[in-house]
Amino acid sequence: MKEFLKYTLATVVGIVLVSVLCTLLGLVSLFGIVAASEQEVPVKPNSIFTLTFDAAVEERAVPNPFAAVMGEEAEAIGLDDVLGSIKKAKENENICGIYLETGNFPGAEPATLEAIRRALVDFKESGKFIVAYGDMYTQGEYYLCSVADKVILNPQGAVAWTGLSAQPVFLKGLFDKLGVKMQIFKVGTYKSAVEPFVNTSMSEANREQTSAYLHSIWGQIIADVAASRSISADSLNAYADLMMATGPAEEFVRCGMVDTLLYMDGVKSYLKQLTGTDEDDALNTLALSDMINVKRNVPKDKSGNVVAVYYAVGEITDQPAQAMPGGEEGIVGGKVITDLSRLREDDDVKAVVLRVNSPGGSAFASEQIWNEVVKLKAKKPVIVSMGGMAASGGYYISCAADSIFAEPTTLTGSIGIFGMMPDMQGLLTDKLGLAFDVVNTNRYSDLGNATRPMTEGEKQLIQASVERGYGLFVKRCADGRGVSEEQIRQVAEGRVWTGAMAQERGLVDCLGGIDDAIAAAANKAGVENYTVLAYPAQASFFDNLLSQGKDNYINAKLRTSAGEYYGIIRCLNSLKEMTPLQARIEADPNIRL
């Protein structure tokens, strides 16, 4: 018995020691990852910045500690990091060029691609080279890479050049099978966000607006590629109709879309020639993760003036609990109001750029944020910079700004309101056999009861509320833009516009990116020297790890796996907590770029 206890105790002690050792090793690894990620990277002479398109592009990428621990590549990269790195590459005398390499690119919003492409065009003004290579170019990748001095294609590769397509997914058939009916209340002929729940195809109004903004986006892409490749717009449209990706790669050289055909080893030899590197030596390259930690060669501003860039990204919600699992908190009304109030009271902050990339959401939260933007504007300049999408509620929170900048391909407008109430009687009673009864003290005590259809009186109340919300939305836009409500109504009705179309209709002031908005903010504030600071502050590596790092990791995997259907998954998840009045665009326009 004594021997048994001795060996048992030894085993337990051994297990405890191994657990402690593993924990210590894990902590050491984490500290090592953090230290490595924050260490300044030196730049060797004749270096090349290698920008690989192999991850989704977001406004600001959230570091994922679980992916780092597991040694996986980032699931997303930040647009701010990409633009900042291109700028640093332009300024750094030891970097002689940029190498663009295509990969497993899940795509990005057209306006996001446009912002990166413009930064690459600006980089070329330094006289440094840009070389692009792809085994297979997606259309979005080719749009970016067409700016290169030399576009190289694998001899067995192809360029997907087919034009644009939008394919929304409709849920009515699924809901019918489940026995769920969505009771819809809306204002706006073009307010298509409700269509997936009640239709099996696009309405004529939605088809009209979708066709209009698709052609606007495609026209911008064609114009940019035509300018870079010296190919006429008519020819590029003709090539798109030929489905050339099914033919030999030589056809892309013949028509001028590609400069030459090379395998990877030939590309490396070509880059060595450009950089004066011996064939037997390795190229000096820096990845995006390296460039993030390269120090800028510019004097540090000592004025104390700050131009704040506040990122309002994601769906607009009333409470954090409504956010998507996985850390995508979105634009939470109360938090944004608190943050903007602090910027208003901070005397060092001379101007604020509100960076909006949002499909909208809660009409109530949008109104509260609008009110705070008005108060902020009364004290200091507020300039809006629109990203890939700033529609419906995203436009609501933007309309009060001093001026609005958008990319030509930004999706914006969609000035409209809707409400949805589910009737789940078919599921709960007819299919599952559940029965319900109710006792009310007043006529509308159980308004919103999903176990039965709404009465006509209830429907009239909700519709009237939606119409009041729409009237308020129109008034906010009219006051912000300095025009009459009738002028806003002519471009409202829930219709989606591109940035270029919105500028023509007075909903947007200028076409340009975030740097243009920052320059305009500083100019309006009357400051020449200033520091740009981003808000809200991003959570640290360890904060992400302790709070929601695991959820972020799982959600990133879901986004990668679901692909174009991820927007629908997000939409279904948010249904259970959607507030009665919504100012939002449809879950995902599903533009195939």
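General observations
- Residue in region 232-239 that is buried (at least 17 other Cβ atoms within 10 Å of the Cβ), part of a loop (DSSP other than H, G, I, E, B), outside the structural domain of Phe123 (by TED's automatic domain parsing) and over 28 Å from the mean Cα position of the chain (by Cα) present: no
- Within region 258-281, the set of residues being touching a Phe, Trp or Tyr at 6+ places or on another chain (Cβ under 8 Å) and in a helix (DSSP H, G or I) comprises Met264, Val267, Leu271, Leu274.
- The single condition among (1) surrounded by fewer than 15 Cβ atoms within 10 Å (Cβ to Cβ); (2) without any contact (Cβ under 8 Å) to a residue 24 or more places away in the chain that Arg452 does not meet is (2).
- Within region 401-411, the residues that satisfy the criterion of being surrounded by 24 or more Cβ atoms within 10 Å (Cβ to Cβ) and either over 16 Å from the mean Cα position of the chain (by Cα) or not charged (D, E, K, R) (or both) are Ala401, Ile404, Phe405, Ala406, Thr409, Thr410, Leu411.
- The condition (being in a strand (DSSP E or B), of a type in the set (Gly, Ala, Ser), without any contact (Cβ under 8 Å) to a residue 40 or more places away in the chain and farther than 30 Å from Asp265 by Cβ) is satisfied by just one residue among Ala390, Ala312: Ala390.
- Single unsatisfied condition, Phe197 versus (1) in contact (Cβ under 8 Å) with a residue 24 or more places away in the chain; (2) outside the structural domain of Ala500 (by TED's automatic domain parsing); (3) farther than 22 Å from Val151 by Cα: (2)
- Test for Thr429: is it hydroxyl-bearing (Ser, Thr, Tyr), surrounded by fewer than 17 Cβ atoms within 10 Å (Cβ to Cβ) and in the same structural domain as Ala363 (by TED's automatic domain parsing): yes
- Looking across Glu458, Glu467, one residue alone is over 21 Å from the mean Cα position of the chain (by Cα) and either free of Cβ contacts under 8 Å to residues at least 12 places away in the same chain or surrounded by 18 or more Cβ atoms within 10 Å (Cβ to Cβ) (or both). It is Glu458.
- Some residue of region 296-308 being at pLDDT below 95 and part of a helix (DSSP H, G or I): no
- When Asp301, Asp259, Asp224, Asp281 are checked against the criterion of being touching a Lys or Arg at 6+ places or on another chain (Cβ under 6 Å) and either basic (Lys, Arg) or at negative phi (or both), Asp259 stands alone in meeting it.
- Residue in region 206-227 that is within 30 Å of Glu458 (Cβ to Cβ), of a type in the set (Asp, Glu), in contact (Cβ under 8 Å) with a residue 24 or more places away in the chain and part of a helix (DSSP H, G or I) present: no
- Counted as qualifying within region 481-541 are the helices (runs of 4 or more DSSP H) with 1 or more residues that are among the small types (Gly, Ala, Ser) and over 21 Å from Arg344 (Cβ atoms), namely 499-504, 514-525.
- Sole residue being over 19 Å from Ala534 (Cα atoms) and without any contact (Cβ under 8 Å) to a residue 12 or more places away in the chain, chosen from Ala363, Ala400, Ala378: Ala378
- Against the list (1) in contact with an Asp or Glu (Cβ under 6 Å, 6 or more places away or on another chain); (2) more than 22 Å from Leu100 (Cα to Cα), the condition Pro196 fails is (1).
- When residues of region 85-96 are limited to those that are surrounded by 24 or more Cβ atoms within 10 Å (Cβ to Cβ) and out of contact with any Ser or Thr (no Cβ under 7 Å at 6 or more places or on another chain), the one farthest from Asn357 (Cα to Cα): Ala89
- Looking across Ala365, Ala435, one residue alone is over 19 Å from the mean Cα position of the chain (by Cα) and crowded, with 21+ Cβ neighbours inside 10 Å. It is Ala365.
- Meets criteria (outside any strand (DSSP E or B) and polar (S, T, N, Q)) for Ser366: yes
The values are calculated or read from the model by the stated rules, or taken from the named source; none is laboratory data. These numbers come from a predicted model, not from an experiment. Note that each Cβ is placed from the backbone with ideal geometry, even for glycine, and that neighbours are counted across all protein chains shown.
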